[in-house]
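The structure appears below as structure tokens.
The values are calculated or read from the model by the stated rules, or taken from the named source; none is laboratory data. Just so you know, these numbers come straight off a predicted model, no measurement behind them. FYI the Cβ positions are ideal-geometry reconstructions off the backbone, even for glycines, and counts take in every protein chain you see.
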Amino acid sequence: MTNALELIPSRVGTLDRPIHILPVPWRDPHTVSPEELKEYIGFLKKACQDNPESADLHTCLGMAYAMNYQAHDSMDVLEKAVKMDDTHFFAQLKYSELLYRLRALQRAEEETSQALNLAGNTWELSLARKQLQEIRRLRREGTQRPELNKPLRKPSITLMVMMVIITLAMVLFR
């Protein structure tokens, strides 16, 4: 993480725990109350507005949104973080992790492969490899969301024609 996170004050509102490299809630999401998480999100939003070019802060905000079950907001912020700095390992990894958790496994595998290429040390490399291994296991076992890449025009027209025929048959043979 770069120096952008040093801009986060040591204490936030009523929280009496210092914020280090990654803010405290990322350590164990089950111990963070919804109110505390909401406070972190508010603070991170403000920090992102004050430092709009910081991929670190946007990554943390995306993680906070994901912990708060706001997948769309998390996706938007993490995509923005990846676009801001295409060499930012954690932005890429967390974006691919969100895709993985949403079971968009094909896209998650592509994004995790990019994160694997960005890994700068053995720890980052092991994180990306472990995630990629899990994604590939899930794809093999068939637990992925189906890709909707086929046009639906023919099936929808067929369904509509069938509905019209059935309706006319019911009216005529009454």
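Quick rundown of the values:
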read-out: Counted residues, the stretch 78-94 - those being of a type in the set (D, E, K, R), within 14 Å of the chain's Cα centre (by Cα) and closer than 14 Å to LEU57 by Cβ; value: 2
read-out: For THR167: the one exception among (1) in a helix (DSSP H, G or I); (2) closer than 30 Å to PRO52 by Cα; (3) not acidic (Asp, Glu); value: (2)
read-out: Which numbered condition ARG103 misses (of (1) touching a Lys or Arg at 6+ places or on another chain (Cβ under 7 Å); (2) within 26 Å of GLU53 (Cα to Cα)); value: (2)
read-out: Matching residues in the stretch 25-42 - criterion: being at pLDDT 90 or above and within 24 Å of PHE89 (Cβ to Cβ); value: ILE41
read-out: Flag for ASP50 being over 20 Å from the mean Cα position of the chain (by Cα) and at pLDDT 90 or above; value: yes
read-out: Residue list for the stretch 91-110, restricted to those being surrounded by fewer than 18 Cβ atoms within 10 Å (Cβ to Cβ) and in contact with a Leu (Cβ under 7 Å, 6 or more places away or on another chain); value: ARG107
read-out: Those residues of the stretch 68-77 which are in a helix (DSSP H, G or I) and more than 10 Å from the chain's Cα centre (by Cα), in sequence order; value: none
read-out: Pairs with Cβ under 6 Å, 6+ apart, first in the stretch 49-62 and surrounded by fewer than 22 Cβ atoms within 10 Å (Cβ to Cβ), second of a type in the set (A, V, I, L, M, F, W, C); value: ASN51/ALA4; ASN51/LEU57
read-out: Qualifying position, being hydrophobic (A, V, I, L, M, F, W, C), within 18 Å of the chain's Cα centre (by Cα) and under 26 Å from LEU57 (Cβ atoms), among LEU105, LEU125, LEU116; value: LEU116
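This table checks each residue for (1) assigned to a helix (DSSP H, G or I); (2) among the acidic types (Asp, Glu); (3) closer than 23 Å to GLU134 by Cα.
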position: PHE43; (1), (2), (3): yes, no, no
position: LEU61; (1), (2), (3): yes, no, no
position: VAL82; (1), (2), (3): yes, no, yes
position: TYR100; (1), (2), (3): yes, no, yes
position: GLU111; (1), (2), (3): yes, yes, yes
position: LEU116; (1), (2), (3): yes, no, yes
